[in-house]
Amino acid sequence: TLFHLFENCVANQPPHKAILWMEICAEATRNPTISQTHKRFKSVLRQSVVQLVTQAAVHGRITPSMPVEEAVNAILMITDGFFCQKATDPDFDLIHSGEQLLTLLKTILQPTSPVTDHPIISMPEHIE
(Lines give C-alpha, C1' and ligand atoms only; values in the text may rest on other atoms or scores of the structure.)
Protein backbone atom coordinates (compact mmCIF):
# COMPACT_ATOMS: atom_id res chain seq x y z
CA THR A 1 0.00 0.00 0.00
CA LEU A 2 0.92 3.65 -0.21
CA PHE A 3 1.46 3.73 3.56
CA HIS A 4 3.88 0.81 3.43
CA LEU A 5 5.80 2.59 0.68
CA PHE A 6 6.36 5.54 3.04
CA GLU A 7 7.22 3.14 5.84
CA ASN A 8 9.89 1.43 3.73
CA CYS A 9 11.26 4.49 1.92
CA VAL A 10 11.27 6.95 4.80
CA ALA A 11 10.65 5.59 8.28
CA ASN A 12 12.70 2.41 8.09
CA GLN A 13 15.78 3.89 6.47
CA PRO A 14 18.88 3.81 8.69
CA PRO A 15 20.15 7.14 10.05
CA HIS A 16 23.22 7.19 7.78
CA LYS A 17 20.93 7.33 4.74
CA ALA A 18 19.12 10.33 6.23
CA ILE A 19 22.49 11.98 6.84
CA LEU A 20 23.54 11.30 3.25
CA TRP A 21 20.28 12.86 2.00
CA MET A 22 20.95 15.98 4.09
CA GLU A 23 24.47 16.18 2.62
CA ILE A 24 23.06 15.95 -0.92
CA CYS A 25 20.54 18.70 -0.17
CA ALA A 26 23.27 20.92 1.26
CA GLU A 27 25.56 20.28 -1.71
CA ALA A 28 22.70 21.15 -4.06
CA THR A 29 22.79 24.70 -2.64
CA ARG A 30 26.46 25.05 -3.60
CA ASN A 31 26.91 22.98 -6.73
CA PRO A 32 24.84 23.75 -9.85
CA THR A 33 25.29 20.22 -11.24
CA ILE A 34 24.11 18.60 -8.01
CA SER A 35 21.31 21.17 -7.84
CA GLN A 36 20.00 20.16 -11.27
CA THR A 37 20.20 16.46 -10.40
CA HIS A 38 18.43 17.11 -7.10
CA LYS A 39 15.66 19.07 -8.85
CA ARG A 40 15.18 16.27 -11.40
CA PHE A 41 15.04 13.68 -8.63
CA LYS A 42 12.51 15.69 -6.62
CA SER A 43 10.41 16.22 -9.76
CA VAL A 44 10.34 12.50 -10.54
CA LEU A 45 9.59 11.72 -6.89
CA ARG A 46 6.75 14.27 -6.80
CA GLN A 47 5.25 12.97 -10.06
CA SER A 48 5.45 9.39 -8.80
CA VAL A 49 3.77 10.20 -5.50
CA VAL A 50 1.08 12.26 -7.27
CA GLN A 51 0.41 9.27 -9.52
CA LEU A 52 0.23 6.85 -6.55
CA VAL A 53 -2.07 9.12 -4.55
CA THR A 54 -4.28 9.77 -7.58
CA GLN A 55 -4.58 6.04 -8.32
CA ALA A 56 -5.38 5.26 -4.70
CA ALA A 57 -8.08 7.97 -4.70
CA VAL A 58 -9.55 6.81 -8.02
CA HIS A 59 -9.78 3.25 -6.68
CA GLY A 60 -11.47 4.46 -3.49
CA ARG A 61 -8.65 3.44 -1.14
CA ILE A 62 -8.20 7.02 0.13
CA THR A 63 -10.18 10.24 0.18
CA PRO A 64 -7.52 12.97 0.51
CA SER A 65 -8.41 15.87 2.78
CA MET A 66 -7.11 18.33 0.17
CA PRO A 67 -6.35 18.38 -3.57
CA VAL A 68 -3.83 15.70 -4.55
CA GLU A 69 -1.05 18.17 -5.47
CA GLU A 70 -1.41 19.89 -2.08
CA ALA A 71 -1.53 16.55 -0.26
CA VAL A 72 1.66 15.41 -1.98
CA ASN A 73 3.37 18.71 -1.19
CA ALA A 74 2.44 18.31 2.49
CA ILE A 75 3.62 14.68 2.52
CA LEU A 76 6.97 15.56 0.94
CA MET A 77 7.53 18.41 3.41
CA ILE A 78 6.70 16.14 6.34
CA THR A 79 8.98 13.37 5.12
CA ASP A 80 11.83 15.85 4.52
CA GLY A 81 11.42 17.02 8.12
CA PHE A 82 11.33 13.43 9.37
CA PHE A 83 14.59 12.70 7.53
CA CYS A 84 16.17 15.90 8.89
CA GLN A 85 15.27 14.97 12.47
CA LYS A 86 16.54 11.45 11.93
CA ALA A 87 19.83 12.78 10.57
CA THR A 88 20.48 15.50 13.15
CA ASP A 89 18.95 14.36 16.45
CA PRO A 90 20.77 11.47 18.16
CA ASP A 91 17.85 11.15 20.59
CA PHE A 92 15.27 10.94 17.81
CA ASP A 93 12.49 8.61 18.95
CA LEU A 94 12.02 6.56 15.81
CA ILE A 95 9.10 4.49 17.11
CA HIS A 96 7.03 7.40 18.45
CA SER A 97 7.87 9.67 15.53
CA GLY A 98 7.03 6.93 13.05
CA GLU A 99 3.63 6.55 14.68
CA GLN A 100 3.14 10.33 14.45
CA LEU A 101 4.15 10.19 10.77
CA LEU A 102 1.54 7.49 10.14
CA THR A 103 -1.09 9.59 11.94
CA LEU A 104 -0.26 12.62 9.76
CA LEU A 105 -0.38 10.53 6.58
CA LYS A 106 -3.75 9.11 7.62
CA THR A 107 -5.03 12.63 8.32
CA ILE A 108 -3.90 13.88 4.91
CA LEU A 109 -4.85 10.83 2.84
CA GLN A 110 -7.85 9.57 4.83
CA PRO A 111 -7.72 5.84 4.03
CA THR A 112 -11.08 4.14 3.57
CA SER A 113 -9.98 0.97 5.38
CA PRO A 114 -7.53 0.26 8.21
CA VAL A 115 -3.93 0.83 7.20
CA THR A 116 -2.07 -1.47 9.57
CA ASP A 117 -2.34 -3.25 12.87
CA HIS A 118 1.36 -2.92 13.63
CA PRO A 119 3.65 0.04 14.29
CA ILE A 120 4.91 1.87 11.21
CA ILE A 121 8.49 1.29 12.27
CA SER A 122 10.22 -2.06 12.32
CA MET A 123 13.59 -1.94 13.97
CA PRO A 124 16.25 -3.42 11.68
CA GLU A 125 18.40 -6.20 13.09
CA HIS A 126 21.44 -4.52 11.58
CA ILE A 127 22.28 -1.21 9.97
CA GLU A 128 23.16 -1.40 6.30
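The values are calculated or read from the model by the stated rules, or taken from the named source; none is laboratory data. For clarity, every value in this text was computed on a predicted model and none was experimentally measured. Positions of Cβ are backbone-derived with ideal geometry, glycine not excepted, and every protein chain shown enters the neighbour counts. Remember, those area values only see protein heavy atoms, side chains included, never the ligands or the DNA or RNA. Shrake-Rupley method; radii C 1.70, N 1.55, O 1.52, S 1.80 Å.
Label separation (Lys106 vs Asp80): 2.7 nm, computed from points 7 Å beyond Cα along the C-beta direction. Considering only the other residues whose Cβ falls under 12 Å of the Cβ of Ser97, what net charge follows from Lys and Arg at +1 and Asp and Glu at -1? Every neighbour counted, the sum reads -3. Each residue, Arg30 and Asp91, gets one label point 7 Å from its Cα in the Cβ direction; the gap between the two is 3.0 nm. Each of His38 and Trp21 was given a label point 7 Å from its Cα along the Cα-to-Cβ line. The distance between the two points is 1.4 nm. At the residue level, Thr107 shows approximately 80 square angstrom of accessible surface with a 1.4 angstrom probe and all protein chains present.
If you sort His16, His59, His38 by accessible surface, 1.4 Å probe, largest first, the order is His59, His16, His38. Could you tell me the center-to-center distance, by alpha carbons, between the range 26-65 and the range 66-105 in angstrom? Rounded to whole Å, the Cα centres lie 15 Å apart. Quick one, which of [x] 1.24; [y] 1.10; [z] 1.05 is the actual Cα Rg over 2.2 N^0.38 Å calculated for this model? This structure yields the entry labelled [y].
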